[in-house]
1. Show the residue pairs that are 6+ apart or on different chains and have beta-carbon atoms under 7 Å apart, the first residue being within segment 102-116 and surrounded by fewer than 19 Cβ atoms within 10 Å (Cβ to Cβ), the second being of a type in the set (Ser, Thr, Tyr).
2. Please state which one of Leu368, Leu359, Leu387 is touching a residue at least 40 places away in the same chain (Cβ under 8 Å) and within 17 Å of Val193 (Cβ to Cβ).
3. Kindly indicate whether Ala229 is touching a residue at least 40 places away in the same chain (Cβ under 8 Å), in contact with a helix residue (DSSP H, G or I) (Cβ under 9 Å, 6 or more places away or on another chain) and either surrounded by 14 or more Cβ atoms within 10 Å (Cβ to Cβ) or in a helix (DSSP H, G or I) (or both).
4. Among the residues that make up segment 238-248, is at least one of them surrounded by 18 or more Cβ atoms within 10 Å (Cβ to Cβ) and without any contact (Cβ under 8 Å) to a residue 12 or more places away in the chain?
5. With among the aromatic types (Phe, Trp, Tyr), surrounded by fewer than 18 Cβ atoms within 10 Å (Cβ to Cβ), within 18 Å of the chain's Cα centre (by Cα) and at pLDDT below 90 as the only criterion, which of Phe315, Phe333 stands out?
6. Determine, yes or no, whether Pro191 is surrounded by fewer than 23 Cβ atoms within 10 Å (Cβ to Cβ) and touching a residue at least 60 places away in the same chain (Cβ under 8 Å).
7. Give segment 211-226 a look and list any residue that's out of contact with any Gly (no Cβ under 7 Å at 6 or more places or on another chain) and crowded, with 20+ Cβ neighbours inside 10 Å, or say none.
Amino acid sequence: MFLFATELLPGPTPHGEPAWWLIALFTLQGLVIWLCARRRYHVWKNGRLTPAFDELQEFSSYLISGAVIAQIWAHGDTASYRATLHAVLLSVPQMDLEIDLHFLANEVVMTFFFGIAAKELAEAFLLRHGALRGMKGVLPLVACFGGVVGPAIVYRSLCTDDLANGWAVPCATDIAFAWLGARMIWGPTHPAVHFLLALAIADDFVGMGIIAAFYPQRSFQVSGILLLAAGMVLAYLCRRIGQRVAWLQSWKAFVLPGIVCWLGLLFAGLHAALALVFVVPFIPMGDDDQGLFAEETGPRTDDPLNRFEHSHKPFVDMGLFFFGLANAGVVWFGTSVWDRNSWAVFLGLGVGKTLGISLFTAVGYVALKCVSGHAHLPKNRQTGEQLRWIDVPLMGLLGAMGFTVALFVADATGADPSLKIGALASFFYLGLAILLGRLRGQVAASHQQRIN
C-alpha cells in the first residue's frame, strides 16, 4: 500500500518548497485503496472471505506505510519534507496558533484515535463484563502503573539533563500492535491477550493524563478550562435529554460537545487531541460488548457508542497514515541522531516495561492475596487456558511496543529526533516478543509430547 508512490518522491528541492502534489497523491491513493478493499476485493481467512480492509486495519498497514514513506522522504529530501508538513495553512495570532499538516495530523486525526481509546476504557470499566470491572481489573491496573513507573525510572537514569522532560515517551504502549503480537503468540482466546489489552488501554489512558498535565502546547488559559467544562456539561445534558428525545439517541448528538471540548483544550493551551476523552463516557453504551478487537462471531452491539466507534474507525486507520507521515520522518542515516537519549527511550521501553509490568503484577497478586485471602491469575473457563507466571514477562515485552503514542508524546516534548528514533526502534521488541513466544510454545509442545 502506498508503495508505488515512493518511486515518485521528488528529488532535492533547493528552497524546500512544499510538495502538495505528493500529499494529494497519497490522499487519492488511500481513498482508492479504501474503496476497493472495503467493497470489492476480499481475502480468505479462517475458512471464509473477509473484506481486505479489515486485514489492513488489523495490521495497522496505513500507519506503517506512513512511517516508512516519512523515512524515505525525510532522507531523500529533508527540506521538502519539512516544508510540506509545516507550511502554514491558517494563522490565528490571537491564540499564537499556526495550523499546518502536522497540526491536522496530531490534533485532528488523533482526536478520534484517543476517542476510540477512551471508548474502550469506558466499556472496560463500566460494562458488566468489562475487562477492568471490579476485582478482575485490579491486576491489569497495577501492572499498568508498573508499565509507567518502570520506563520512567530507566529513562531518567540514562537520559541527558536537557531532555529529562521526555520521561513519558517510553511510558506508552501501542494497543493495536501489542494486541496483534499477543494473538500471534497465544491465539485469540488466551487470557494473556485480554490481560494485555486491558493493561494497554489503561496505560494509554494514563498517558493521556500525562500529556495533558505535563506537556502544554501554549500558555495556560483559564477560559479554555471553563469552555472544556461547558462542553462536558453539554455532553451530560445530551445524554439525559436523549433518554426522552429520540433524535438525541445517537453519537451525532455529541458532535457539538466534542467541538466545544476541542476548542476548550485549544484555548487552554493543552492538546486538543484529548477532547473526546471528556465526551465519550457520556455517550450511551450497550449492556455488553467485547470491544474493538473482539472476534465477530455474532451480532455486534448496536448502541450509540459502538456506532460511533465503527463509523470513525476507518477514518482513524486511514488518518494514521498521515500521523505516521508527519511524525516518523527522522533523519538518522549518516547522522548521530542515535545518542544517549535514544538509548534511554529504547531501554526504558524494553527493560523498564518488562521489569515494571512483571514486578507490579507480582506485587498486586501478593497484595490481593493478603487483603482478600485469595488471588489467581486470569483463566478462560471455556477453553481452560490459564495465564501463567512465565507469560507475564512476555506480556511486558509486548507492552514495550510504544510506537504510536510514544511518537505523539515525543512530539509533545519538542519533537527531538533522538526521542523519536528511540520510539521507532521499539518495533524490535515486538519481533523479539513474537520470536520468544513461538520458541516458548514449541518447548511447551515438546514437553507435553514427552509427557504423553
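The values are calculated or read from the model by the stated rules, or taken from the named source; none is laboratory data. All of these numbers come straight from a predicted model, not from anything done at the bench. Every residue, glycine among them, receives a Cβ derived from its backbone with ideal geometry; neighbour counts consider all protein chains shown.
1. none
2. Values: Leu368 fails: within 17 Å of Val193 (Cβ to Cβ); Leu359 fails: within 17 Å of Val193 (Cβ to Cβ).
Matching residue, one of Leu368, Leu359, Leu387: Leu387.
3. On the way: touching a residue at least 40 places away in the same chain (Cβ under 8 Å): no; in contact with a helix residue (DSSP H, G or I) (Cβ under 9 Å, 6 or more places away or on another chain): yes; either surrounded by 14 or more Cβ atoms within 10 Å (Cβ to Cβ) or in a helix (DSSP H, G or I) (or both): yes.
So Ala229 does not fit the description; no.
4. Keep residues of segment 238-248 that are surrounded by 18 or more Cβ atoms within 10 Å (Cβ to Cβ), which gives 238-239, 242, 248.
So of that shortlist, the ones also without any contact (Cβ under 8 Å) to a residue 12 or more places away in the chain come out as 248.
Within segment 238-248, one or more residues are surrounded by 18 or more Cβ atoms within 10 Å (Cβ to Cβ) and without any contact (Cβ under 8 Å) to a residue 12 or more places away in the chain.
5. On the way: Phe333 fails: within 18 Å of the chain's Cα centre (by Cα).
Residue meeting the stated conditions: Phe315.
6. On the way: surrounded by fewer than 23 Cβ atoms within 10 Å (Cβ to Cβ): yes; touching a residue at least 60 places away in the same chain (Cβ under 8 Å): yes.
Yes, satisfied.
7. Answer for segment 211-226, where residues must be out of contact with any Gly (no Cβ under 7 Å at 6 or more places or on another chain) and crowded, with 20+ Cβ neighbours inside 10 Å: just Ile211.
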